[in-house]
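In what follows, a single structure is set out as C-alpha cells and then discussed.
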Number of protein chains: 2
Amino acid sequence: MEDVAERAKVSRALVSLVMNNSPQVSDEKRESVLRAAEELGYRPNLAARQLAKRRTQTIGVLVDDLRNPFFGEVVDGIEAEAADHGFTALILNGHRDARREVDAVETFLQLRVEGMALVGARLTDDDMARVGTATPCVMVASGTVHPGTDTVGTDDRRGAELAVEHLAALGHTRIVHIDGGDNVSAAERRAGYESGMRAAGIGELIDVRPAGDDEADALAVIDALLAQKDPPTAIFAFNDLLAAGALNRLADAGMAVPGDVSLVGFDNTFISALRHLSLTTINQPKLAMGRLAVGTLLERLSDGSGEPIRHTLKPELVVRGTTGPPSNGSCRPGAASGPLGT
Amino acid sequence: MEDVAERAKVSRALVSLVMNNSPQVSDEKRESVLRAAEELGYRPNLAARQLAKRRTQTIGVLVDDLRNPFFGEVVDGIEAEAADHGFTALILNGHRDARREVDAVETFLQLRVEGMALVGARLTDDDMARVGTATPCVMVASGTVHPGTDTVGTDDRRGAELAVEHLAALGHTRIVHIDGGDNVSAAERRAGYESGMRAAGIGELIDVRPAGDDEADALAVIDALLAQKDPPTAIFAFNDLLAAGALNRLADAGMAVPGDVSLVGFDNTFISALRHLSLTTINQPKLAMGRLAVGTLLERLSDGSGEPIRHTLKPELVVRGTTGPPSNGSCRPGAASGPLGT
DNA sequence: GCCTGAAATTGGAGCGCTCTATTTTGAATT
DNA sequence: AATTCAAAATAGAGCGCTCCAATTTCAGGC
C-alpha cells in the first residue's frame, strides 16, 4: 500500500479511500491510484483491513456433512443471501462430529465472524451456551433445538401430515411410518404422521417402526413388514435415504411400487429425483432456508437481543412415481413393474 | 489481551507467549494467564495474529459445486490433511460458474491464504495466469489442465480401460461408450475406452455416443441404442449420473440389467452405492486425492518453484449389481429382474 | 485581493497481536 | 558476598490497514 501511494504520488490514506471506492476522491487521483495498484499487483490485506475496521463482513457457515447434497443446497442459499448483503460466507465442515464442530465454532469466533449459521449441527446446549453470548447464531435444519438460539427449519409436522394426507386420499389405510431416530426433526415428523392418521380417521392403524437415518436401516423394517399377515399398502419414511433403502428391499421381495406398496420420502434431495428412484417425497425449501438464515442473522445484528426467532417454512408434497392407489388386496409378487412403470 | 495481561499482572508479551503455548513460560504464570483469559472470555483475534505473524496458516479450497457429493469427499480429504499440518481449510463455493470462481480466488488472495486447492474448477488459463504467480495452487479433479499449475487427479484413461476389460472379460463385445462432453476427463475416459477395446481385440466395434455430464443426457442415447438392429450388450458411461439415467431408461424399455445389458459408471459416488441402483463403477480415490492435494501444496510452499507436479492416482473397478455375462442373444423384455435381482 | 466554505487530501494514531532485543530474576558457583 | 549465566519476563516497534481531525485547495462572492 505504501508503494502504491508512492507510485501514485498520493498519501496512504488516499489509497485507502480509493480501494474502498469512496466518492470523495477526484477522478484524476482515483485513476492514477488504480493504475499504480494494477502495475504493482497490489491487493488489500483483508486481515489488516478487518483489524482496522473492527468489522469482518463475514459470516461463518458450519455444515454438518459436506457430502450430503441436502446441506449443499442450504449453503447455496446462505451464500447467495450473504453476498447480497456484502458478506462473505466462510464454510467449515463439522464432519458429523460434535467435537469438530466445537473446534470450527471456535475458529469462527477467533476469526470474528459477525454471525454464524449452523447447518444441521449437533452441538449440545453446553456448547451453545459458550457460543451464543458472543456472536449471533442461527441453527438451520438442525436436529436439535436450543432454547436461546434462533432457528430456521421446515414444518416437519405439517410435512408428515401432507404425506399421510396424500396416501389417505389415494385410498390407503394401512400406512406405516419408518422413524428416523431421536432427533427433533424425527419427533416432529412422527407426530405429524400420527395426527395425519387421526385426521384421516385411521388413528387406530398408527404403526411406527424405529430405524436410523440411513438407507441401510430401512432393510430390516421392510423385512418385518412383509413377513406379517397384513402388510401395509403404504410406507412413509423419515427421509429420502431411508425411502431409497425401503424401495430396494421391496423390489428384492418382488413387490411392485407403487402397484403393491406406495412409498413417500422426505427432503426432496436430488436422489429422490433420480429417475430410477423417482420418489414421491416432501420438499424442504432448502434455498429459502439458507436465505432466511442469513436474514435472521442480520436482524439479530441490527436489533440486538430479544426473543429467539423461530422461522418455520412450509413443506410441499412432490408427487413422483412411488405412490398410487392401493391394489385390491391381491398381492402379485413377480409382476414387477418398476417404480416408473406406466 | 491488554485486560488479560492486567488481570494476570503480567505483560502483554507474556500473554502472547502463553496463548502460543511457548515452553518458555513458568507454570505459575501460565496458569494465572489462562485463568484470567478464561474469566474474561478472551479469545485471540486471528486477523491480528495473522497480521503480526505474517502467516495465516490457512489454505483456500474452492469447490465447483457443493451439492455434488463427489466434491464433498475430496474436500474431506483436503481438510484432514490440512489439519494434520496445522492448517485451516477455508471453503468457498464456485457455484459451477467461472466468474464466481474468480471472485472466490480473489477473496482467498486477499485473505493471504498460503495455498489454494481448486476442486473441479473451471477457470481459464487467463484466470490462472493472474493467480498462479502469487500463491501456490493445485487443481484437483479438474476438467481442465493448465500448463503451469500442479494437478492431482485420477488416471481417467486407465479407469476407462478397467471398465472395458471387466466387460470384455465377462464376454461382452458390443460395448458402447456414453461420452461426457468436452472436458479433459471425458477425453481421457474416451481414449481409455478406445484403447481398451483395441486391447480386447474388438477395436472395430468402438462406438462412442456423445452426451453431457448429466443424468438426463443419457436418455436419448439409450433410446437410439435400443432402436438399432444390433443393440449393445454393455454400456460404459462417463459417470455415475449418466449411468443412473441409462439404467432408468433401460428399465422403462423392459431391458434387464445386467441380464440383457450390463452397465458401468464412473466415480463411485454414493449414489452408485445406493442399493437400488447398485452400479458397477470405477472408483476415484477421493479422500486420497484431497490429502495429496494438500501434500502437493506444502511441497510447493517449501521448495518454491520448479516443474509442475502431476499426481495421477489409480482408479479401481468396483463390481456391483449392474454387470454380468451377456445373454445369448435372446432378448427377453418383460422378464425384468431388478438390478439386484438374485 | 480577501474571506468563506465546501471538496479533496493528508498526517498520524490505533486496531490486537508477535517478535526481537533487552532487562530482570534467581539459583548455582566461586 | 560477588560473579555468572540460563531462564523468565518485558518494552516497544511494527504488521497493513482505516478513520478522525486537521490541512490544503479552489471556487465563488464581496
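Number of residues in segment B:50-66 that are more than 8 Å from every other protein chain (Cβ to nearest Cβ) and within 14 Å of DNA strand C (Cβ to nearest atom): the value is 5. Any residue at all in segment A:27-49 that is away from chain B (no Cβ under 14 Å) and polar (S, T, N, Q)? Yes, segment A:27-49 contains at least one residue that is away from chain B (no Cβ under 14 Å) and polar (S, T, N, Q). Per the conditions (1) more than 8 Å from DNA strand D (Cβ to nearest atom); (2) modelled with pLDDT of 90 or more; (3) touching a helix residue (DSSP H, G or I) at 6+ places or on another chain (Cβ under 8 Å), the sole criterion not satisfied by B:LEU51 is (1). Select from segment B:2-24 the residues that are surrounded by fewer than 16 Cβ atoms within 10 Å (Cβ to Cβ) and more than 8 Å from DNA strand D (Cβ to nearest atom) and list them in ascending order. If the condition is that a residue be surrounded by fewer than 16 Cβ atoms within 10 Å (Cβ to Cβ) and more than 8 Å from DNA strand D (Cβ to nearest atom), then B:GLU2, B:ASP3, B:GLU6, B:ASN20, B:ASN21, B:SER22 are the ones that fit.
Quick grid of which residues meet (1) aromatic (Phe, Trp, Tyr); (2) assigned to a helix (DSSP H, G or I); (3) within 14 Å of chain A (Cβ to nearest Cβ); (4) buried (at least 22 other Cβ atoms within 10 Å of the Cβ):
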residue: B:ALA134; (1), (2), (3), (4): no, no, yes, no
residue: B:VAL145; (1), (2), (3), (4): no, no, no, no
residue: B:ARG157; (1), (2), (3), (4): no, yes, no, no
residue: B:GLU165; (1), (2), (3), (4): no, yes, no, no
residue: B:ILE178; (1), (2), (3), (4): no, no, no, yes
residue: B:GLU188; (1), (2), (3), (4): no, yes, no, no
residue: B:GLU215; (1), (2), (3), (4): no, no, yes, yes
residue: B:LEU219; (1), (2), (3), (4): no, yes, yes, no
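Of all residue pairs spaced 6 or more apart or on separate chains, those with beta-carbon atoms under 8 Å, a first member in segment A:245-268 that is closer than 19 Å to B:ASP252 by Cβ and a second member that is part of a strand (DSSP E or B) and not aromatic (Phe, Trp, Tyr) are A:LEU247/A:LEU263; A:LEU250/A:LEU263; A:VAL257/A:LEU263; A:LEU263/A:ALA234; A:LEU263/A:ILE235; A:LEU263/A:ALA237; A:LEU263/A:THR280.
Table: residues versus (1) within 14 Å of chain A (Cβ to nearest Cβ); (2) outside any loop (DSSP other than H, G, I, E, B); (3) aromatic (Phe, Trp, Tyr).
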| position | (1), (2), (3) |
| --- | --- |
| B:PRO231 | no, no, no |
| B:MET255 | yes, no, no |
| B:LEU263 | yes, yes, no |
| B:SER272 | yes, yes, no |
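Tell me, yes or no, whether segment B:60-79 has at least one residue that is of a type in the set (Val, Ile, Thr) and within 30 Å of B:LEU17 (Cβ to Cβ). Checked against the condition, which is being of a type in the set (Val, Ile, Thr) and within 30 Å of B:LEU17 (Cβ to Cβ), segment B:60-79 yields no hits at all. So how many residues does segment A:111-132 have that are outside any strand (DSSP E or B), away from chain B (no Cβ under 14 Å) and in contact with a strand residue (DSSP E or B) (Cβ under 7 Å, 6 or more places away or on another chain)? Within segment A:111-132, residues that are outside any strand (DSSP E or B), away from chain B (no Cβ under 14 Å) and in contact with a strand residue (DSSP E or B) (Cβ under 7 Å, 6 or more places away or on another chain) number 1. For B:VAL261, the requirement of being under 21 Å from B:LEU277 (Cβ atoms) and in contact with a Ser or Thr (Cβ under 8 Å, 6 or more places away or on another chain) is met. Check whether at least one residue in segment B:25-47 is near DNA strand D (Cβ under 9 Å from one of its atoms), without any contact (Cβ under 8 Å) to a residue 60 or more places away in the chain and under 30 Å from B:LEU118 (Cα atoms), and report yes or no. Within segment B:25-47, one or more residues are near DNA strand D (Cβ under 9 Å from one of its atoms), without any contact (Cβ under 8 Å) to a residue 60 or more places away in the chain and under 30 Å from B:LEU118 (Cα atoms). Could you grab me the full set of residues in segment A:150-164 that are farther than 30 Å from A:THR135 by Cα and in contact (Cβ under 8 Å) with a residue 40 or more places away in the chain? Residues satisfying the conditions are A:ARG158, A:GLY159, A:ALA160, A:LEU162, A:ALA163, A:VAL164. One residue stands out in segment B:197-213 among those that are crowded, with 16+ Cβ neighbours inside 10 Å and within 24 Å of the chain's Cα centre (by Cα): the one that is nearest to B:ALA253 (Cα to Cα), namely B:ALA211. Check whether at least one residue in segment A:93-103 is of a type outside the set (Lys, Arg), assigned to a helix (DSSP H, G or I), more than 19 Å from the chain's Cα centre (by Cα) and closer than 30 Å to B:ARG49 by Cβ, and report yes or no. Yes, segment A:93-103 contains at least one residue that is of a type outside the set (Lys, Arg), assigned to a helix (DSSP H, G or I), more than 19 Å from the chain's Cα centre (by Cα) and closer than 30 Å to B:ARG49 by Cβ.
Could you tell me whether B:ASP76 is more than 11 Å from DNA strand C (Cβ to nearest atom), within 13 Å of another protein chain (Cβ to nearest Cβ) and in a helix (DSSP H, G or I)? Judged against the criteria, B:ASP76 is a match. Would segment B:309-328 turn up any residue that is without any contact (Cβ under 8 Å) to a residue 12 or more places away in the chain and over 23 Å from B:ALA218 (Cα atoms)? Yes, there is a match, as at least one residue in segment B:309-328 is without any contact (Cβ under 8 Å) to a residue 12 or more places away in the chain and over 23 Å from B:ALA218 (Cα atoms).
Of all residues in segment A:269-285, those being at pLDDT below 95 and farther than 22 Å from B:VAL257 by Cα number 2. Only a single criterion out of (1) within 12 Å of DNA strand D (Cβ to nearest atom); (2) buried (at least 16 other Cβ atoms within 10 Å of the Cβ) is not satisfied by B:ALA82, namely (1).
With respect to the conditions (1) more than 11 Å from every other protein chain (Cβ to nearest Cβ); (2) away from DNA strand C (no atom under 16 Å from the Cβ), B:VAL15 lacks only one, and its number is (2). In segment B:26-42, the residue that is farthest from B:LYS53 (Cα to Cα) out of those that are aliphatic (A, V, I, L, M) and away from DNA strand C (no atom under 12 Å from the Cβ) is B:ALA36.
Let me confirm something: among B:PHE71, B:PHE87, B:PHE108, which residue is within 20 Å of B:LYS286 (Cβ to Cβ), within 11 Å of chain A (Cβ to nearest Cβ) and either more than 16 Å from DNA strand C (Cβ to nearest atom) or at pLDDT 90 or above (or both)?
Working: B:PHE87 fails: within 11 Å of chain A (Cβ to nearest Cβ); B:PHE108 fails: within 20 Å of B:LYS286 (Cβ to Cβ).
After ruling out the rest, the residue left standing is B:PHE71.
Taking the stated definitions as given, is A:VAL63 crowded, with 21+ Cβ neighbours inside 10 Å, modelled with pLDDT under 95 and within 14 Å of DNA strand D (Cβ to nearest atom)? Judged against the criteria, A:VAL63 is not a match.
Within segment B:274-288, the set of residues being of a type in the set (A, V, I, L, M) and within 14 Å of chain A (Cβ to nearest Cβ) comprises B:LEU274, B:LEU277, B:LEU279, B:LEU287. Taking the stated definitions as given, is B:GLY171 at pLDDT below 90 and under 26 Å from B:VAL257 (Cβ atoms)? Here the answer is no, as B:GLY171 does not meet what is asked.
The values are calculated or read from the model by the stated rules, or taken from the named source; none is laboratory data. Just so it is clear, the structure is predicted and the values come from calculations on it, not from any experiment. Cβ coordinates were reconstructed from backbone atoms using ideal geometry, including for glycine residues, and neighbour counts include every protein chain displayed.
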